[in-house]
1. Step through the residues of the stretch 73-78 one at a time and calculate ³J(HN,Hα) from phi using the Karplus curve (6.51 cos²θ - 1.76 cosθ + 1.60, θ = phi - 60°), rounding each to whole Hz and writing x for Gly and Pro.
2. Rule-of-thumb check for the stretch 619-765: C-alpha Rg over 2.2 N^0.38 Å?
3. Considering the options 530, 57, 335, tell which one lies farthest towards the positive end of the dipole of the chain, charges being +1 on Lys and Arg and -1 on Asp and Glu at the Cβ, about the Cα centre.
4. If N is the number of residues in the stretch 110-157, what value comes out of its Cα radius of gyration divided by 2.2 N^0.38 Å?
5. Under unit Cβ charges (Lys, Arg +1; Asp, Glu -1), what dipole magnitude, rounded to 20 debye, does the stretch 55-292 have relative to its Cα centre?
6. When the Kirkwood radius is taken over all Cα pairs of the stretch 13-164, what Stokes-Einstein diffusion coefficient follows at 37 °C and 0.692 mPa s, in µm²/s?
7. Cα to Cα, under 26 Å, and not fewer than 8 places away if on the same chain: which lysines meet these conditions relative to residue 63?
8. Provide the per-residue ³J(HN,Hα) series for the stretch 197-212, in order, calculated from phi with Karplus coefficients 6.51, -1.76, 1.60 and θ = phi - 60°, each as a whole number of Hz, with x at glycine and proline positions.
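Throughout, read-outs are computed from the coordinates displayed, never taken from laboratory work. Here the structure is a predicted model, which is why all the values come from computation and not from measurement. Every residue, glycine as well, gets a Cβ built from its backbone with ideal geometry; the counts of neighbours run over all protein chains shown.
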Amino acid sequence: MQAINQQSRRERLAAYRRNPFSLFLAALVTLSAVITLAVLISLIIYILYKGIPNLKPSLFAWKYNTENVSMMPAIINTLSITAMTLLFSVPAGIFAAIYLVEYAKRGNKFVSVVRMTTETLAGIPSIVFGLFGYLFFNIYLKWGYSILGGALTLSIMVLPLILRTTEEALRSVSDTYREGSFGLGAGKLRTVFRIVLPSAVPGILAGVILAIGRIVGETAALLYPAGTVPQVADGLFSSGRTLAVHMYALLNEGLYTEQAYATAVVLLVLVVCINALSSFVAKKAGVKLSDQAKKAKKADAAMPAVQNYDVVVIGAGGAGFAAAVEAKSKGANVVLIEKMPTVGGNSLISGAEMNVPNSWVQNKLNIKDDTPARMAADTLKGGDFKGDPEIVGVMTVNALPTAEWLRDTVGVNFEKDNVFQFGGHSRKRALIPEGHTGTEVITKFSALADKMGIPVITNMKAEELVKDKDGRVVAVKAVSGDKEYTFNAKGGVVLATGGFGANAQMVKKYNPNIDERFKTTDAPGTTGEALYMAEKAGGQLVNMGYIQTYPICDPISGVIELIADARFDGAILVNQEGKRFVEELERRDVISNAILKQPGAYCYVLWNDNIGKISNTVKIHDTEYQAFTKQGIMHTSDTLKGAADFFHIPYANLKATVDRVNQMAKDGGKDLDFHNRGGLKDMSTGKYYIIKAVPSTHHTMGGLKINTKAEVLDKNGKPIPGLFAAGEVTGTTHGTNRLGGNAYTDIMVFGRIAGDGAAAEAKAR
């Protein structure tokens, strides 16, 4: 099959006839590439030709003398100086870039100074760095010739390179990742280190490798601070030459030209080995240096307007990847299209915990009494028995084999000694991916999809499902920019587009109680257009009014206030009048509705150090604390009156409320007013922490009705031929309320089922 981003020779010739200048540019680009490649190959061949015949065992003697001119001390010194340089420069460069991109405010003058300084340093000749190193480290600090001085000099020299490449790598990560992470309640620090930084690893490693190349090949910057002693440095303050300096010294003396060529061969091999090691490290980290070639392809004008596949999957989140990989493994030609600029969706930025009964981790922890039936019972009860028992049964029975497939086939790493127990579950059964986010899962899926040859096209929005005369879904019409595309699907189309939590109008349509007062915790792409597209094709929508809200969210952005998790430790909820109004540990929907009935439709979460020290939410979520405080939605006070006055809460009322709580805490903690099942804690002493909160839309349980084969059903309950669905776009699993950890189980199980079904249809036709 022709690649999606290629033209035939005839198409290219036709394009050149229409625009001869494009032929000239194509020829110029090709010529430049050939010249570059020819020069590179010529250099390598010349070095190998001149150097290999001169490689002798004496050149690798442990000690140098004028007879063997051994390079072994130089090799060891090169590795030592490279390691030390990276130890100094890489953390400094990466953390500086993180500050510049993620924390510094736009227009910050300090940032401008840093960038100007960086650019200036990048343009300074190596010899100047060498002179600086000599004057500062050798003369001023009186270190003399030392490999430490050489390493620090090189650190200063390569720091701009690492900083700028890291900065560009971080900037290349789509803001949708950050927005989605914040929307799901992650703080700044967690977002940066769990979401943004892993996604930027390929670019960062590319910068590190470039830095290694410059370190290993540098001479001028090392001659003065490190010296040229041809022995292994016996300490940080001892002199020693690197391979590059060694080769320079041999050529400079004019007596060892042949040995210099041999040294060049070893230097070349050393650089190649270091780069290979870096690639191996990147691969073990779940990314590859060739990731630029492995990233999703952005739709462009070169793509054919009509493309033919066995299976078309819409939505590149967890369910979509599961469907695509499963279909491909069954021999189908598959394409995965995604309307957003990046893949992953909510699956990427979620915690990605996956409920699995009787898992290998449970067995290791001696949890022996969990079963699919027990998990099914928990799920149905948690959704007020509105979920489909058959669908739930399929999910729970297939949870373990699907988790094993993720582990063994996809390569997802789960924590080996820990499982979560979310609310509503009777056992600890949620597997936890490494990193505690979907990054581990989506990264591994992306790599596997690329390895399997599954094209992933971003910025491609599906708009219409096409049926043939027999009522079978046979194609998808999509748009990218101002160009229309048709993706023919021999076996079928899989809808894996997620829910509609980010579509405020749609949310209000199906649940008028969740109106414009609600923001959302969802990623921006969860807008639900695919549901209308499927409905137009005859699909049945069910349970659309079941929309889960999270009660304690930021009034400005709508994100979950993780710092207010002190609520689970004894923090109380009060209204603008300073009075409690609901049990703090009630269901999310109950608390949300209670908040909306209060003056202004908001509340405050109030706690003191006595409560705060239990989970240390202020310390753990320091970035949130600083941000919320700066925004004016959070305040810390040594006195209760200070907390009341900041938000203009009547102090007398608030004091009466807290006094009442303190009395009940003193009497055993039993809540006589709202029956807080966790008990009440003493709040008689400060510091006091108070934060304003509102409910936000969190998860949509409704969607397309499917059967156990993941086939979309019409209004008569019959399968629509060629149309499958999986994940939050469906509405049959969770009932009125989704239990934590069930979403990932749902999307993976039914994603695989949908992909398998579509592939089987293609094979049968």
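1. These are the phi-based 3J(HN,Hα) values: x, 5, 4, 5, 5, 4 Hz.
2. Against the compact-globule rule of thumb, the ratio is 1.73.
3. 335
4. Compactness ratio reported: 1.27.
5. 760 debye
6. Diffusion coefficient, whole number: 162 µm²/s.
7. Answer for residue 63, where 26 Å is the Cα cut-off: 50, listed by chain and number.
8. 4, x, 5, 8, 3, x, x, 5, 5, 4, x, 4, 5, 4, 5, 4
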